[in-house]
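Step one of this worksheet: look at the structure below.
The values are calculated or read from the model by the stated rules, or taken from the named source; none is laboratory data. All values derive from a computational prediction rather than experimental measurement. For neighbour counting, all protein chains shown are included, and Cβ atoms are generated from backbone atoms with ideal geometry for every residue, glycine included. Each accessible area value is taken on the protein alone, full model and side chains, heavy atoms only, with ligands, DNA and RNA left out. Shrake-Rupley method; radii C 1.70, N 1.55, O 1.52, S 1.80 Å.
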Amino acid sequence: MKALIAAGGRQPRLVAVLVGEDPASATYVASKTRACKEVGIDGVTLRLPPDIDLDTLMTHLRDLDEDPEVDGILVQLPLPAHLPERQILESIRPETDVDGFHPENVGRMWLDKPGGSPSVCTPATPTGIIELLHHNKIELSGRHAVIVGRSAIVGKPMAALLLRENCTVTVCHSRTRDLPAVCRLADILVAAIGRPAMIGPEHVADGAIVIDVGINRINDRAEVERLFPGNRKRLAGFDRRGYSVVGDVDYHRVAPKTSAITPVPRGVGPLTVAQLLVNTLKASRRQQGLKS
Ligand code: GUN
């Protein structure tokens, strides 16, 4: 990306809209803009108060979308409860929607045949996961992928993208019966539930590939000791910050069964950020009429 951005054209610009002061969201947005700087994208954060009304927010978004120098807009989720998420995401033009959350982009993603459409931005986390699997030369065609979680941000688009790779796809959720048995059918298991260490060894077949999308903060020291026995670095980190970040997978107990697994932190998180930059560059080049 660095080379491509340095090679010419207008500097790509990404605006992250952060409504309210949720500390986790503020951290994510900060890491997104930091990463922008690293590759030469102009990453700007628009901070708005938690009690902003819908009209004011929509006016901000329209102004950004009408600015020809803004290539990508992302509204960090979740939004405060009084704001209608769907209506807000639909107000951003599909061309500047680098999150791939606009219904038109969602529709195109589901309609795409294997190979996909290079011009549509697809959600960063699942798109980054596909890149990760390709990069590690993991065969996808014909293999069974089981996704736990059906969110619009991860679970559902992950299903669309794995289907596009010719996987057989199963999507599980809170009403799934005998979840461990279904998960054990997976060649590739994607955990995107948002519950700390919920996926244990009973969910994983020997040799499976496990992708852990969860980013959960735990505040209980005894729980950290239970999940990471003998891991002094973990406890030291907890003692420094007062919390520890854990995935949806019980890494210590699951990792020995797998042929490959992503860690938390420093796994899918940074991958998502990197893919967002790729999406921004793609939107910017398209906007400028440059070849992707
Ligand atoms: N909140 C959690 N994940 C995401 C994401 O990928 N994009 C945005 N905008 N908000 C999020």
* Flag for Asp51 being over 16 Å from Asp97 (Cα atoms) and either without any contact (Cβ under 8 Å) to a residue 12 or more places away in the chain or more than 13 Å from the ligand (Cβ to nearest atom) (or both) -> yes
* Count of the stretch 17-46 residues which are in contact with a Cys (Cβ under 9 Å, 6 or more places away or on another chain) and among the small types (Gly, Ala, Ser) -> 1
* Any residue in the stretch 269-291 that is within 15 Å of the ligand (Cβ to nearest atom), open to solvent by less than 50 Å² (accessible area, probe 1.4 Å) and part of a loop (DSSP other than H, G, I, E, B)? -> no
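Let's see how each residue does on (1) touching a residue at least 40 places away in the same chain (Cβ under 8 Å); (2) away from the ligand (no atom under 15 Å from the Cβ); (3) more than 19 Å from Ile73 (Cα to Cα):
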site: Val106; (1), (2), (3): yes, no, no
site: Trp110; (1), (2), (3): yes, yes, yes
site: Gly115; (1), (2), (3): yes, yes, yes
site: Pro123; (1), (2), (3): no, no, no
site: Thr127; (1), (2), (3): yes, no, no
site: Glu131; (1), (2), (3): yes, no, yes
site: Leu140; (1), (2), (3): yes, yes, yes
site: Ile147; (1), (2), (3): yes, yes, yes
* To do: Among what's in the stretch 101-134 and is in a loop (DSSP other than H, G, I, E, B) and of a type in the set (Ser, Thr, Tyr), pick the residue that is surrounded by the fewest Cβ atoms within 10 Å (Cβ to Cβ).
  => Ser119
* Does Arg86 qualify as being of a type in the set (D, E, K, R), part of a strand (DSSP E or B) and within 16 Å of the ligand (Cβ to nearest atom)? -> no
* To do: Give just the number: which of (1) under 17 Å from the mean Cα position of the chain (by Cα); (2) assigned to a helix (DSSP H, G or I); (3) under 28 Å from Ala160 (Cα atoms) does Asp65 not satisfy?
  => (1)
* Residue under evaluation Ala30, criteria (1) exposed (fewer than 15 other Cβ atoms within 10 Å of the Cβ); (2) over 19 Å from the mean Cα position of the chain (by Cα), criterion not met -> (2)
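If I ask for residues that are outside any loop (DSSP other than H, G, I, E, B) and not aliphatic (A, V, I, L, M), which ones from the stretch 135-154 would you list?
If the condition is that a residue be outside any loop (DSSP other than H, G, I, E, B) and not aliphatic (A, V, I, L, M), then His135, His144 are the ones that fit.
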* **One residue from Val75, Val44 being within 16 Å of the ligand (Cβ to nearest atom), touching a residue at least 40 places away in the same chain (Cβ under 8 Å) and not basic (Lys, Arg)** => Val75
* Asked: Taking the stretch 135-164 only, how many residues are open to solvent by 30 Å² or more (accessible area, probe 1.4 Å) and either aromatic (Phe, Trp, Tyr) or within 18 Å of Gly100 (Cβ to Cβ) (or both)?
  -> 7
* Quick one: is Ala255 away from the ligand (no atom under 16 Å from the Cβ), surrounded by 13 or more Cβ atoms within 10 Å (Cβ to Cβ) and either at pLDDT 95 or above or among the polar types (S, T, N, Q) (or both)? -> yes
* Leu235 vs. criteria in contact (Cβ under 8 Å) with a residue 24 or more places away in the chain and either hydroxyl-bearing (Ser, Thr, Tyr) or at negative phi (or both) -> no
* Selected residue [open to solvent by less than 20 Å² (accessible area, probe 1.4 Å) and more than 30 Å from Phe238 (Cα to Cα)] from Ile188, Ile211, Ile218 -> Ile188
* How many of the residues in the stretch 116-162 are among the acidic types (Asp, Glu) and under 29 Å from Lys291 (Cβ atoms)? -> 1
* Scan the stretch 12-41 for residues that are in contact with a helix residue (DSSP H, G or I) (Cβ under 7 Å, 6 or more places away or on another chain) and away from the ligand (no atom under 12 Å from the Cβ) and jot them down. => Pro12, Ala35, Cys36, Val39, Gly40, Ile41
* Criterion violated by Pro94 - all others in (1) open to solvent by 80 Å² or more (accessible area, probe 1.4 Å); (2) in a loop (DSSP other than H, G, I, E, B); (3) farther than 26 Å from Asp212 by Cα satisfied -> (1)
